[in-house]
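Reviewing the structure listed below.
The values are calculated or read from the model by the stated rules, or taken from the named source; none is laboratory data. Just so we're clear, the structure is a prediction, and the values are computed from it rather than from any experiment. Cβ: placed from backbone, ideal geometry, glycine included. Neighbour counts: every protein chain shown.
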Amino acid sequence: MSSRIELHDVGQTFLVRGDDDRRLREFVALDALSLDIRAGEFLTLVGPSGCGKSTVLDLIAGLTQPSSGTLRVDGRPISGPGLDRSVVFQQYTLLPWRTAQANIEFALEAKGGLGKAERAERARTYLGLVGLANFANRYPHELSGGMKQRVAIARSLSYQPEVLLMDEPFGALDAQTRERLQEELVSIWERTGTTVVFITHDIEEAVFLGQRVAVMSARPGRIREVIEIELDRRPAADHDLRATTAFAAYRHRIWSLLREQHVAPQEVAHVA
Amino acid sequence: MSPSLLAERTAGRLNPRQEQAARAKGVSPGRTRAVAIARGVAGVVVLALVWELLPIVGVFDRYFIPPLHEVLQALADLATSGELARHLRASLVRSGSGFLLATAAAIPLGAAIAWYRPVREFVQPVLEVFRNTAALALLPVFTLILGIGEASKIAIITYACFFPILLSTIAGVATVDPQLLRSARVLGLSPAATFRKVVFPAAVPTIFTGIRISGAASILVLIAAEMVGAKAGLGFLIMYANFNFLIPKMYAAILVTSLLGLAVNYGLVGLERRFSRWRA
Ligand SMILES: Nc1ncnc2c1ncn2[C@@H]1O[C@H](COP(=O)(O)OP(=O)(O)OP(=O)(O)O)[C@@H](O)[C@H]1O
Ligand SMILES: [Mg+2]
C-alpha cells in the first residue's frame, strides 16, 4: 500500500520577533513550494539547515496547516494527522517512562486491532530489525542517542503506514550503523512499497536512498530542482554503489546546486 | 578530588569494567552505601547523646528539657497503656482522610484546569491567592462553619493539602514536552488516550512534588488543629501534657509527631520512586 502526495503552491509563514525591535513580524519559511511525490516512491529531500525541510514534513504529517496552497494525499486534502502517515522526528520522541519495547507497543496500541501478545511479538520483531533485540527492556535514558533513534524508527515501521516521513533519522548514528540501516530501510521499502519521504542534509545519503532527490533552497524555502536518480541498485556482494562514477556524478551535481545557494548571499553582500 | 557535591554529581557512571576494578579495590557500591548509612546513624546517635547529656550536666534546666531516657520512659508508658495508640489513630484518620480527599479532588481538577488554556488563565490568579493564604489563618473560619468536631479538622487538612497538589498537577500537565504530544498526534491518539498514556505519566513527577509538600502540610495542620480543640490526637496530647506539667510525656508526644512526619515523607518518597523508576 502506498499513497501519492501532492504539494501545490504551498506557503508557510511564522510570526517571529524582529532582531532590532521587539515587534512581531511575518517570517516566510516556505513560498510557493510545489512537489509531487509518486505513490510508492522513495524521495529524499536535501537542503541547507533552516531552509524549511522540517516545516514541509510537519505539513505532510498534518501537524500544521499551510498559510497558503494545498496538500493532498491520494487526492484528499490533508486536514490532520493520520495513521496512514508515520513520522520519525528529528528529535527522538520516545516516552521516557516506557521501555524500548513498550514504546513500540505504544504505537501498536494506538493503531488498534492487535492483541497484547501480538503487539509484544511485533514489537520484538521490529526491535530485532534495527538491531536492538537485546535492549527491549531498557528505558530511553539507558540508551544512547543513536539507539533511541533506532527505536523511534522501529516504532514508525511497526504499524506499517502507507507513507513514512523521516526527518534526518540517521543523523546521530555512526557510519557503519547508518549504512546498515540505510540498506535495511531500502529493503523494507522494496518489500512494502511504502511511500518514503526522507529528509537529510547528507548528499551521499540522499543519492544512495532516493529514487529522486528534491533539492531545496532557503529563504524562502522552495524546491529548486528534483533530480531523478538512475543507479544500478541490484544487490551484489562486491558492488559498492557509492564508489561508482554515476554515483559521484549525482553527488557532485547536488553538491553544486547547494553550493550555489551558499555562495550567492555573500556576493550580494559584496555588492551592497 | 575532595568529596564535595560538585565532584559527586558530575562523576561519570562507572562502566561494568570500571565497576569490577573498583570492587577489586574494595570500594563496592554496597560498601559506599553502608558507609553512608553508618554516617547517618552516627548523626542521630550524636543528637541523642546531646539530648541525654546536656540536661544531666546542667546546661539546660532538667525540668523543662528532661534527658532523653526520661522521655523514652514516658513514651514506653504511653505505648503500653494504649494511650498512644488511641491518639495516633485519631490523628492518622484525620490527616489520612484529609490528604486522600485532597489528592482525589486535586489531581483530576488540576488536570482539567491545565488541559483547557482559557480555564487555566482564568483560575490561575485566584489559585495563587488561595495558595498564599496560610491554611491555619482559616482555622477559625472552618470551626465557625463546621464546628469543632471532626468535620472541621478534616476539612482544614484537606484544604491545606489541596492547593500544593492542584498547582503541581497544573504545572505538570501544562509543561509536558510538546514533542511527545506531537508524536501522540501523529499516532492519531484521541485526546482521552493522549491524556492517559502521555500527559499524565509525564506529569507524575511534578505532581509528586506537590504530594510531598501536602504530606508535610497534613501533619503540620493536623497538630495545630488538634491543639485548638480536640479530645484526642497527638496535638491534643502535646497540649494536654503541657497544661498538666507532664513534661516528659509532652516530649514523647512531640517525638512521635516528628517520627510520623518522617514516616509520611519517606513513604511518599518511596511511592514516588516506584512511579518514576524510568527517570535517570
Ligand atoms: N514554529 C516556528 N516559529 C517560527 N519560526 C519557525 C518555526 N518553525 C520553523 N521556523 C523557521 O522556519 C525555518 C525553517 O525551519 P525548519 O525547521 O523547517 O528547517 P530545516 O530545513 O528542517 O532545518 P534543519 O536542517 O536545521 O533541521 C527556519 O528559519 C526556522 O527558524
Ligand atoms: Mg529540520
Original post:
Within the stretch A:12-42, can you find the residues that are under 22 Å from A:VAL163 (Cα atoms) and away from ligand 2 (no atom under 16 Å from the Cβ)?
Top reply: A:SER34, A:LEU35, A:ASP36, A:ILE37, A:ARG38, A:ALA39, A:GLY40, A:GLU41, A:PHE42
Original post:
What about B:PRO248, is it of a type outside the set (Phe, Trp, Tyr) and within 14 Å of chain A (Cβ to nearest Cβ)?
Top reply: no
**OP:** Mind listing whichever residues of the stretch A:195-218 are farther than 18 Å from A:LEU35 by Cβ and not aliphatic (A, V, I, L, M)?
**Re:** A:ASP202, A:GLU204, A:GLU205, A:PHE208
Subject >> Candidates A:THR93, A:THR99, filtered to the one that is within 30 Å of A:SER67 (Cβ to Cβ) and at the interface with chain B (Cβ under 10 Å from one of its Cβ atoms) >> reply: A:THR93
Original post:
Failed condition for A:ILE78, given (1) within 14 Å of another protein chain (Cβ to nearest Cβ); (2) among the β-branched types (Val, Ile, Thr); (3) touching a residue at least 24 places away in the same chain (Cβ under 8 Å), with all others met?
Top reply: (3)
**OP:** Quickly run through the stretch A:154-179 and pick out the residues that are away from every other protein chain (no Cβ under 13 Å) and part of a helix (DSSP H, G or I).
**Re:** A:ALA154, A:LEU157, A:ALA175, A:GLN176, A:THR177, A:ARG178, A:GLU179
**OP:** Restricting attention to the stretch A:57-74, report how many residues are in contact (Cβ under 8 Å) with a residue 60 or more places away in the chain, more than 16 Å from ligand 2 (Cβ to nearest atom) and not basic (Lys, Arg).
**Re:** 5
Subject >> the stretch A:13-65 - residue that is part of a loop (DSSP other than H, G, I, E, B) and among the polar types (S, T, N, Q) and, of those, nearest to B:ARG185 (Cα to Cα) >> reply: A:THR64
Original post:
touching a residue at least 12 places away in the same chain (Cβ under 8 Å) and over 21 Å from A:GLY145 (Cβ atoms): does that describe A:ARG122?
Top reply: yes
Subject >> Which numbered condition A:GLY69 misses (of (1) crowded, with 21+ Cβ neighbours inside 10 Å; (2) in contact with a His (Cβ under 9 Å, 6 or more places away or on another chain); (3) not polar (S, T, N, Q)) >> reply: (1)
Subject >> Residues located in the stretch A:24-63, provided they are more than 8 Å from ligand 1 (Cβ to nearest atom) and hydroxyl-bearing (Ser, Thr, Tyr) >> reply: A:SER34, A:THR44
Subject >> 2 or more residues under 15 Å from B:GLY110 (Cα atoms) and modelled with pLDDT of 90 or more: qualifying helices (runs of 4 or more DSSP H) within the stretch B:150-215 >> reply: B:150-174
Original post:
If you check A:ILE229, A:ILE153, which single one turns out to be among the β-branched types (Val, Ile, Thr) and under 15 Å from A:THR93 (Cα atoms)?
Top reply: A:ILE153
Subject >> Those residues of the stretch B:185-207 which are out of contact with any Gly (no Cβ under 9 Å at 6 or more places or on another chain) and more than 8 Å from every other protein chain (Cβ to nearest Cβ), in sequence order >> reply: B:SER190, B:PRO191, B:ALA192, B:THR194, B:PHE195, B:ARG196
